[in-house]
Amino acid sequence: MSKFLLASLLVLGWAFVPRPVFAEAKCPAGDAPIFEDDLRATPSCEAAHKLHDACAWGSSGDAGLSGVVIEKCEAVFLARLTPAQKRNYQARQQRCSEKYAREDGSLAIAEASLCAEAIAVSFARNAAAAGRIPAAPLAPVKASFDCARARTKLELLICSSDAIGGEDIDLSAAYRKALMSSAPDARKVLVASESGWLTYVAKSCIGAAIGDYDSKSCAEQAFSDRADQLKRCMSKSGDEAKACLNAYAPVVSGVTPTKP
């Protein structure tokens, strides 16, 4: 994680959050909050991330906690990255900061820090997998799927850009989380809506050439908006949730949108 981004998250996070004096019980045993020392005491990047994910504050206080998790995860992979892979990692972290910069409040600070944390965790997992196969290269995490198997125009577009690939990974994580927290009927609505959205984006964003500037800009914004939409809509229920999920955001950058 870049020193500037980490410092920004830490300063912004703790500037707005009063720390409780003590907590007798930690989150796994109750509702008491966790602190940085609790995360440092975990045995691994993965364990720290799971504890934070289960016990997130939902406020700017998460910035400091994410900083600890990121440090533990970077110890696993950062020294092994090639210059190109390191630029990929830093660029994706920077997008987390930029993505939420236009939003106000402590929740936006939390979302930015958790976004950066998720990227660090994904790189650490990739490094761990490569470590089990000594000859395997430490390839950058490109998308939520194997880009070597990309066949459709939308898949090729996603794999043509690290920025879109990063947004695809974020969206995939939001989608899985929404599926896991949904009742069976709501899950069917979500699956149908996501399928329709993918068709909508493919029709709306892919221009004459796969990977042209307008197509990339359109898809990057569309994937970012959809991840935010899933988080917003899953707090609703029934017909209200369905209407929210199916209100696909208009695409951008001069590409003419089609109706969903």
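Nothing in this text is a laboratory measurement; each read-out follows from the coordinates by a stated rule. Just so you know, these numbers come straight off a predicted model, no measurement behind them. Heads up, the Cβs are rebuilt from the backbone with ideal geometry, glycines too, and the neighbour counts pull from every protein chain shown.
If R0 equals 25 Å, the separation of the Cβ atoms of Leu198 and Ser59 corresponds to a calculated FRET efficiency of about 0.15.
Taking other Cβ atoms within 10 Å as a rough exposure proxy, Glu98, Glu36 sort from fewest to most as Glu98, Glu36.
Fewest neighbouring Cβ atoms within 10 Å first, the residues Phe145, Phe223 line up as Phe145, Phe223.
Per-residue packing, averaged as other Cβ atoms within 10 Å, sorts the ranges 119-126, 45-52, 239-246 into the order 119-126, 45-52, 239-246, beginning with the highest. Between Val191 and Ala47, what FRET efficiency comes out of the Förster formula 1/(1 + (r/R0)^6) with R0 = 35 Å and r the beta carbon distance, rounded to 0.05? Plugging the Cβ-Cβ distance into 1/(1 + (r/R0)^6) gives 0.65.
Taken one residue at a time, the phi angles of the range 93-100 give Karplus couplings (6.51, -1.76, 1.60, θ = phi - 60°) of 5, 4, 5, 4, 5, 5, 4, 9 Hz. Gly and Pro are set to x.
Phi angles across the range 214-220 convert, under the Karplus curve 6.51 cos²θ - 1.76 cosθ + 1.60 with θ = phi - 60°, into 3J(HN,Hα) values of 4, 5, 5, 4, 4, 5, 4 Hz, Gly and Pro given as x. The phi torsions of the range 40-57, fed into the Karplus equation with coefficients 6.51, -1.76 and 1.60 and a -60° offset, translate into couplings of 5, 7, 6, x, 7, 4, 4, 5, 5, 5, 5, 5, 5, 4, 6, 10, 4, 6 Hz, rounded to whole numbers, with Gly and Pro shown as x. Put simply, the convex hull of the Cα atoms in the range 147-245 casts, on average, a shadow of 6.1 nm². Projecting label points 7 angstrom from Cα along Cα→Cβ for Arg232 and Leu156 puts them 3.3 nm apart. Remark: Val201, Val69, Val189 ranked as Val189, Val201, Val69, counting other beta-carbon atoms within 10 Å and listing the fewest first.
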